[in-house]
Amino acid sequence: MSLIESNEPINIIYPEGSKAMIAEWGYLNKYIITGHEDGSVVQYDWKTGDQIKSVHPHTAEITDLQMAEDRTYFITSSKDKSAQIFESSTLNHLKKYMTDAPLNSASITPIQDFVILGGGQDAMQVTTTTMRQGKFECRFYHKILEEEVGRVKGHFGPINTIAVHSDGKSFSSGGEDGYVRVHHFDEDYFKFKYPELH
């Protein structure tokens, strides 16, 4: 017996206004959440294609949208140099992380209370800047306190994507430089306690 997949989609969602740049399934796969070119975040009923809720948290294009492990909240990154966390079901704003460079990706770590952000100066301007000025590091922020706690260097071009392994023990980053870097956390990472919380 062979399974033949249909080329016809179950449904098509037609966003009104600004172009959708990225999409993710929401909590319990009840809806689809999209990030848009104008900086808006929209929640859609995937069965009907109807818009349920919409917020406009960013002032520039949303470049990434990644769910937390349980999909009850998610993080966005934007060219406006910020990343933000929202509740999936209500789109209520929870946290905001400000940087000094446009962001292309943001990811939530499952073990420690961190988010990892990546981006950097636009690729067209990379040839006229140094690696340090380009801001091509993976930046770690405390998820609750919204403070930067560290950086991981290595790329010599803008970081385009960040993915944390589901076991929380490693992450990878892909950059405009053509490299994918895989980083394994050392033992100190798992023992880290933020001073203000203990």
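Could you list all residues from region 163-190 that are more than 18 Å from the chain's Cα centre (by Cα), hydrophobic (A, V, I, L, M, F, W, C) and crowded, with 16+ Cβ neighbours inside 10 Å?
185, the sole residue that qualifies.
Just need a number here: residues in region 150-162 that are more than 18 Å from the chain's Cα centre (by Cα) and either part of a strand (DSSP E or B) or on the phi > 0 side of the Ramachandran plot (or both).
Here the count works out to 1.
Per-residue answers, yes or no, for (1) out of contact with any helix residue (DSSP H, G or I) (no Cβ under 6 Å at 6 or more places or on another chain); (2) part of a strand (DSSP E or B); (3) at pLDDT 90 or above; (4) under 18 Å from residue 78 (Cβ atoms):
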| residue | (1), (2), (3), (4) |
| --- | --- |
| 112 | yes, no, yes, no |
| 178 | yes, no, yes, no |
| 183 | yes, yes, yes, no |
| 193 | yes, no, no, no |
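Look at region 1-36 and say how many of its residues are more than 28 Å from residue 69 (Cβ to Cβ), in contact (Cβ under 8 Å) with a residue 12 or more places away in the chain and among the acidic types (Asp, Glu).
Start the filter on region 1-36 by keeping residues that are more than 28 Å from residue 69 (Cβ to Cβ), which leaves 1-8, 12, 14, 16-19.
Retained after the next criterion (residues that are in contact (Cβ under 8 Å) with a residue 12 or more places away in the chain): 12, 14, 16-19.
Going one step further and asking which of them are among the acidic types (Asp, Glu), we end up with 16.
Going through region 1-36 one residue at a time, the tally reaches 1.
Could you tell me whether residue 76 is among the β-branched types (Val, Ile, Thr) and in a strand (DSSP E or B)?
Taking the combined requirement at face value, the residue satisfies it.
Kindly list, by first and then second residue, each pair from a residue in region 88-117 that is closer than 15 Å to residue 35 by Cα to a residue that is surrounded by 19 or more Cβ atoms within 10 Å (Cβ to Cβ) and among the basic types (Lys, Arg), limited to pairs with Cβ atoms under 8 Å and residues at least 6 apart or on different chains.
Note: pairs meeting the criteria are 103/79; 103/81.
Only one of 30, 81, 47 is within 21 Å of residue 142 (Cβ to Cβ) and of a type in the set (Lys, Arg); which? So that I can check it myself, show each step before the final result.
Numbers: 30 fails: within 21 Å of residue 142 (Cβ to Cβ); 47 fails: within 21 Å of residue 142 (Cβ to Cβ).
Going through 30, 81, 47 in turn, just one is within 21 Å of residue 142 (Cβ to Cβ) and of a type in the set (Lys, Arg): 81.
Of all residues in region 150-181, count the ones that are over 17 Å from residue 110 (Cβ atoms) and of a type in the set (Val, Ile, Thr).
Counting residues in region 150-181 that are over 17 Å from residue 110 (Cβ atoms) and of a type in the set (Val, Ile, Thr) gives 4.
Going by the conditions given, is residue 72 out of contact with any strand residue (DSSP E or B) (no Cβ under 6 Å at 6 or more places or on another chain), within 13 Å of residue 90 (Cβ to Cβ) and among the hydroxyl-bearing types (Ser, Thr, Tyr)?
Numbers: out of contact with any strand residue (DSSP E or B) (no Cβ under 6 Å at 6 or more places or on another chain): yes; within 13 Å of residue 90 (Cβ to Cβ): yes; among the hydroxyl-bearing types (Ser, Thr, Tyr): yes.
Judged against the criteria, residue 72 is a match.
The values are calculated or read from the model by the stated rules, or taken from the named source; none is laboratory data. Just so we're clear, the structure is a prediction, and the values are computed from it rather than from any experiment. All Cβ positions, even for glycine, are placed from backbone atoms using ideal geometry, and neighbour counts span all protein chains on display.
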